[in-house]
Every structure is written in C-alpha cells, then in structure tokens.
1. Just for the range 27-47: of the residues that are assigned to a strand (DSSP E or B) and open to solvent by less than 30 Å² (accessible area, probe 1.4 Å), which one is farthest from His13 (Cα to Cα)?
2. Looking at the structure I just gave you, is Ile77 open to solvent by 20 Å² or more (accessible area, probe 1.4 Å) and either over 18 Å from the mean Cα position of the chain (by Cα) or more than 19 Å from Lys136 (Cα to Cα) (or both)?
3. Scan the range 33-54 and report the pairs whose first residue is on the phi < 0 side of the Ramachandran plot and whose second residue is loosely packed, with under 14 Cβ neighbours inside 10 Å and not in a strand (DSSP E or B), with Cβ atoms within less than 8 Å and a gap of 6+ or a chain change.
4. Conditions first: (1) more than 17 Å from Ile20 (Cα to Cα); (2) modelled with pLDDT of 90 or more; (3) not in a strand (DSSP E or B). Phe161 passes all but one, so which condition is the exception?
5. Give the residue that is farthest from Glu12 (Cα to Cα), with candidates limited to residues of the range 121-131 that are in contact with a strand residue (DSSP E or B) (Cβ under 9 Å, 6 or more places away or on another chain) and open to solvent by less than 60 Å² (accessible area, probe 1.4 Å).
Amino acid sequence: GSSKYIGKLFKEHAIVKTYIAVVHGTPKNKYGKLELKIKQNHKLLESVTYFKVLKKVKDFSLLIIRPITGRKHQIRIHMNHIGNPILGDTKFSSKKTDEFKSLHLHAYQISYRDQSGTIQNFCAPLPDHFVSTFNKLKINQNIEDNLEFKNLEKYKFENEF
C-alpha cells in the first residue's frame, strides 16, 4: 500500500525536506555547503547540509536549508558550527536573544516521487512565531519561488567561521 511505500522512501532518504530558518548574522557565502561528522549512538556519522541566504535583515538572515543526511539536530548543529545559530535555539546556540524565544527552524516542504513517478510537494504553513518575526523584521519574502536547490556543485564549502 501507499503508507508502506512512503515508509520505504523515508528509509531510503528519498524524501526531500526543505526547511526555512532565521539565523543570527549572515553566512559567508550566499550558497553554502556544510559537512560535519556528528556523533550519534557513539558513532561519528557524516552529515551534509546545503543552504542559501534569501535575505539579510539587521543582524539576522533568512535561509532556505536542505539537509542531505538526516542526523538528529543536524541543521541546528551545523548552523551553530559556522557561527550562525538559529534564532531561539537554546540547546546548540552560542547566542541568546530574549526577544525571539521560539526556535526559528521550520520544515517547510517535503517532496517525493510517488509510485507513478509524479513529484508530490507538501508545504506546511509558517508557524505563528515566524510570522510575527517576519513582521518585526519587515521580511515579506516569497518563499515558494525560492525552494529550488539547483547546481549544488556550485555551493561553496563553508565549515569554519
């Protein structure tokens, strides 16, 4: 059945997840690639994340993020590692803000190829705290138009501050 098929896709990492995030500061590159070994169950595992910067506002940036591997807390660890922790992150962030308490990381879209080969996309609307942060920072961004990750080999490797 289709639920079994979806389960198989998850297992094979054939489900593409696209996140949006608001981070402190701005990454060096507009298109970046992060690779890091992350410890999980006493093993060091490879992890890869791509990101692109959509907008810079004050001391923050709006990012679209595409994790290739699915390690626990991967995105939060990666962003903190390059000195751009996610707003509202209390666990991995070296920076704290009182103003933005909730974690500004949102699984915005998942897509996969269904059994007939058609690509299915599902978007989850922005949580309220994102909406109010966007209003506060005066971000009105058309996210749907920016979800594509093309030419990944052009993304610059960015692992250290």
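1. Restricting attention to the range 27-47, the residues satisfying the condition of being assigned to a strand (DSSP E or B) are 31-40, 43-47.
From what's left, open to solvent by less than 30 Å² (accessible area, probe 1.4 Å): 32, 34, 38, 47.
Values: Gly32: 21, Leu34: 18, Ile38: 18, Ser47: 13 Å.
My answer is Gly32.
2. Working: open to solvent by 20 Å² or more (accessible area, probe 1.4 Å): yes; either over 18 Å from the mean Cα position of the chain (by Cα) or more than 19 Å from Lys136 (Cα to Cα) (or both): yes.
Answer is yes for this residue.
3. From the range 33-54, the pairs are Lys33/Leu152; Leu34/Asn159; Glu35/Asn159; Leu36/Asn159; Ile38/Lys72; Gln40/Lys72; Tyr50/Leu152.
4. Of the numbered conditions (1) more than 17 Å from Ile20 (Cα to Cα); (2) modelled with pLDDT of 90 or more; (3) not in a strand (DSSP E or B), the odd one out for Phe161 is (2).
5. Selected residue: Phe130.
The values are calculated or read from the model by the stated rules, or taken from the named source; none is laboratory data. Keep in mind it's a predicted model, so treat the numbers as computed, not measured. Note that each Cβ is placed from the backbone with ideal geometry, even for glycine, and that neighbours are counted across all protein chains shown. To get the accessible areas, we keep the full protein, side chains included, count just its heavy atoms, and leave off ligands, DNA and RNA. Shrake-Rupley method; radii C 1.70, N 1.55, O 1.52, S 1.80 Å.
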